[in-house]
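The values are calculated or read from the model by the stated rules, or taken from the named source; none is laboratory data. Every value quoted in this text rests on a predicted model; they were computed, and no experiment measured them. Cβ placement follows ideal geometry from the backbone for every residue including glycine, while neighbour counts extend to all protein chains displayed. Side chains are part of the model used for accessible areas, which takes the heavy atoms of the whole protein and leaves out ligands, DNA and RNA. Shrake-Rupley method; radii C 1.70, N 1.55, O 1.52, S 1.80 Å.
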Amino acid sequence: MENFVNKKVLPPVMRFVNTKAIRALKDGMIVSLPFIMVGSVFLLLSAVPYAPVANWMTKTGLAGYFTQAYNASFGIIAVFAVVGIAYTWVKNDGFEPLPAGMTALVSFFLVMHPTTAVLNGTKTVITSSQAPTLLSGFIDRTWLGGQGMIAAIIIGMITGFIYSWFLKHKITIKLPEQVPPAVANSFIALIPAFVIVVGWLLVYIFFDASQNLTMTQWIYKAIQTPLQGLTDNFTGVLIVALLVPFFWFFGVHGAVIVSGIISPILQANALSNAAIFKAHGVVTAANGGHIFIQPLLDQFGTVTGSGMTIGLVVFMAFFAKSAQMKEIGKLSTVPGIFNINEPTLFGLPIVLNPLFALPFVLMPALSMCSTYFLIKIHVLPYLTGVMVPWTTPPIISGFLIGGWKIAVWQTIVLVSSFFVYFPFAKKYDAILYSQEQNILKKEES
């Protein structure tokens, strides 16, 4: 099995993961993470799920201020994505990346226009004897968040590719060496930026004239919505839950590989839930909520580390007989609480250890699929879309992403991980203990 995976499965997967497009996507999306976390804090403050506090926040006007901070961070995540992806692509090619990021931002704004008429300062058509005043010249925030995510990815990648192509072929304006670098870099960007902007302008004209909508709208309807639907189901949850630990078992960072591909969709789902939560104070199937969002993977698939190994760590630290497992358990306890389990993966090890393959791969699937099912049948609430730093300890993270019910369920899942790993850990402990006793006997003799 190891030979088959290492020779037949991993090489094409790694070639795909290491392509320029996936590297730009993965690294470019990381740019948005701090703003997602910051925005999540303000989302919670602007829509506190406790009526007396929420009413007080609204009455004092604090909710509006917190909403402003949310809108300017979490609410415009597609902006960070389009800049980050183009920036990363050009940076990986060895060129000055900032002009490329700015060109991608201009292109992203260029292909959009107000999609809902703004009349008298609202998005509601007002019937009156007088013709309402049409406001124009604004940027519709609808497409700066989750709904514009796939368009941002496509524009970022295409812009990064074309910008690098011009620089590689030296189709630029080159100034004398005496010119300051800041000025020279601006002129270097002039030709590729002009060509790229003209290209996206033609795209805008095409969609506006022939489809009566924007490219961003078309991508959302034709590509993003089906993709979100494909992932937001039991099959999608099961596949992702199995793939992350599967790759990790062979020593490859499964979370990075899978998240690099699926995270843009899961983050778009999370943004959609966040917008619903902000508008209604609760996320449900009726108002368009998604079950499979990024926090479901983070807090029920990779919480305490890929494979959800906290139950194994508890066994090693408090129940193991072998000195090796005891020491590794002690070393792994604190990192495990903060979702770091490399000491366990490589110290025990779990990587390439056939005895732990089954619980390591199945535990996240049991956790994520059972959580999906309980949300589906309304035992657990939909997750709000709030995203917390990946080092946030479990239970606390569960409460922040969905309230006390999610925190209680997360506790139950983590406790169950002990029993899932127990028979396998006990067997491995017996093997190690026997080996240690044999070594002691040899040393004594």
> Hey, if we sort LYS221, LYS442, LYS20 by accessible area with the 1.4 Å probe, largest down, what's the order?
Replying inline: LYS442, LYS221, LYS20
> Can you give the extra length, in nm with one decimal, that the chain gains between VAL53 and VAL197 once fully stretched, where that is 0.36 nm per residue apart less the Cα-Cα distance?
Replying inline: 47.1 nm
> Regarding the stretch 367-408, what are the three Cα extents along the principal axes, ordered largest first, in Å?
Replying inline: 29, 17, 17
> Got a number for carbon plus sulfur as a percent of the chain's accessible area, 1.4 Å probe?
Replying inline: 70
>> Rounded to two decimal places and with Rh computed the Kirkwood way over Cα pairs, what is Rg over Rh for the stretch 393-445?
In response: 1.41
> Between the helical axis of 354-376 and the dominant principal axis of the chain, each derived from Cα atoms, what acute angle in degrees is found, rounded to the nearest 10?
Replying inline: 50
> So how long is each side of the stretch 342-437 along the principal axes, counting just the alpha-carbon atoms, biggest first, in Å?
Replying inline: 51, 27, 20
> Just how many % of Cα pairs in the stretch 143-258 lie over 16 Å apart, if you round to the nearest whole percent?
Replying inline: 74
>> I'd like to know how the stretch 37-93 sits against the 2.2 N^0.38 Å rule of thumb: what's its Cα Rg over that expected value?
In response: 1.56
>> Rg and Dmax in Å for the chain, alpha carbons only: what are they?
In response: 25.5, 105
> Dipole of the chain (Lys/Arg Cβ +1, Asp/Glu Cβ -1, origin at the Cα centre): which of ASN71, ILE239, ILE154 lies farthest to the positive side?
Replying inline: ILE239
> Which lysines, on any chain, are close to LYS376 with Cα under 20 Å apart, when same-chain ones fewer than 8 places away are left out?
Replying inline: LYS405
>> I need the fraction of alpha carbon pairs in the stretch 209-336 separated by more than 20 Å, rounded to a whole percent.
In response: 58
> Using the alpha carbon gyration tensor of the stretch 274-330, what are the three equivalent-ellipsoid semi-axes (square root of 5 times each eigenvalue), largest first, in whole Å?
Replying inline: 40, 9, 8
> Can you tell which of GLY305, ALA21, GLN211 lies farthest toward the positive end of the dipole of the chain, using +1 and -1 charges on the Cβ of basic and acidic side chains (Lys, Arg; Asp, Glu)?
Replying inline: GLN211
> For MET102 and ALA286 in the same chain, what is the full-extension length gain: residue separation times 0.36 nm, less their Cα-Cα distance, in nm?
Replying inline: 62.4 nm
> Taking a probe of 1.4 angstrom, what is the accessible area of GLU444 in Å², to the nearest 10?
Replying inline: 150
> Any idea how far apart GLN435 and ILE412 come out in nm if each label point goes 7 Å out from Cα toward Cβ?
Replying inline: 3.8
> Can you give me the pair-distance distribution of the stretch 1-63, C-alpha pairs, 10 Å bins, whole percents?
Replying inline: 18, 22, 18, 16, 15, 10, 1
>> With every protein chain kept in place and ligands, DNA and RNA left out, what is the accessible area per residue of the chain? Probe 1.4 Å, answer in Å².
In response: 48
> Can you flag which of LYS7/LYS321; LYS91/LYS174; LYS20/LYS174; LYS20/LYS170 are past 29 Å Cα-Cα?
Replying inline: LYS7/LYS321
> Rounded to the nearest 10 Å², what accessible area does THR231 show when all protein chains are kept and the probe is 1.4 Å?
Replying inline: 20
> What is the chain's relative contact order, in percent, from Cα pairs under 8 angstrom and six or more apart in sequence?
Replying inline: 14
>> For the stretch 13-53 and the stretch 183-211, what is the centre-to-centre distance using only Cα atoms, to the nearest Å?
In response: 28
>> Suppose only helical runs count, i.e. DSSP H with n ≥ 4. What mean residue ellipticity at 222 nm does that imply for the chain under -39500 (n - 2.57) per run, divided by all residues and rounded to the nearest 500 deg cm²/dmol?
In response: -21000 deg cm²/dmol
>> What are the extents of the Cα atoms of the stretch 285-388 along their three principal axes, in Å, largest first?
In response: 54, 26, 22
> If the stretch 1-105 were replaced by its equivalent ellipsoid, with semi-axes equal to the square roots of 5 times the Cα gyration tensor eigenvalues, what would those be, largest first, whole Å?
Replying inline: 40, 21, 7
> With r defined as the distance between the Cβ atoms of ILE139 and SER370 and R0 fixed at 41 Å, what FRET efficiency is calculated, to the nearest 0.05?
Replying inline: 0.45
